[in-house]
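The values are calculated or read from the model by the stated rules, or taken from the named source; none is laboratory data. Since we're looking at a predicted model, the values are computed, not measured. Cβ placement follows ideal geometry from the backbone for every residue including glycine, while neighbour counts extend to all protein chains displayed. Ligands, DNA and RNA are stripped out before the accessible areas are found, and what is left, the full protein with its side chains, is counted by its heavy atoms. Shrake-Rupley method; radii C 1.70, N 1.55, O 1.52, S 1.80 Å.
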Amino acid sequence: MVPEFEAAAFSLTNNQVSDVVTSTYGYHVIKLLDKTPAKKLVLTDKIPLSDVTIAAKSRFLTQQKIGKLSPAYLEKLSKAADVQILDADLKAAAAAAAAANAPAATPEK
């Protein structure tokens, strides 16, 4: 959120309309309908507007992060240990898996 927009939005009270706010994205008129007070949730609570618990979402996000970071970490360990795959079929399968997990090349700017 740009600072101008944030300052205007958080200075409003319920059902109040702001003056015209100018930002790098243009001109804005903000109306605050209602403020919902913050509250602490425990892991067994469901995420608002969802049937998923906070614990389940946390596990999902952790697994997603591990899945993203593990190929590079395993490659680093493999190179450090000087692992060599001698079986031709296994070597081809490992190369195919590494190619599938490699990030897509992005064009240089």
Could you name the aspartates and glutamates whose alpha carbon sits less than 18 Å from that of Lys40, not counting residues in the same chain fewer than 8 places away?
Asp51
Expected unfolding gain across Asp89-Gln63 under the 0.36 nm per residue rule, minus the alpha-carbon gap, is 6.5 nm
For the pair Ala56 and Val20, how long in nm is the line joining their label points, each one 7 Å along Cα→Cβ?
4.8 nm
Leaving out ligands and nucleic acids, and using a 1.4 Å probe, what accessible area per residue does the chain come to in Å²?
89 Å²
Label model pair Lys79, Lys40: point-to-point distance (7 angstrom along the Cα→beta-carbon line) in nm is 4.4 nm
Give the aspartates and glutamates reachable from Lys57 as a straight Cα distance under 13 Å; neighbours fewer than 8 places away on the same chain don't count.
Asp45
What lysines does Lys76 reach when the alpha-carbon gap must be under 19 Å and sequence neighbours fewer than 8 apart in one chain are set aside?
Lys65, Lys68, Lys91
Mind checking which of Gly26, Ala56, Ala38 is farthest towards the positive end of the range 7-71's charge dipole, using Cβ charges of +1 (Lys, Arg) and -1 (Asp, Glu) about the Cα centre?
Ala56
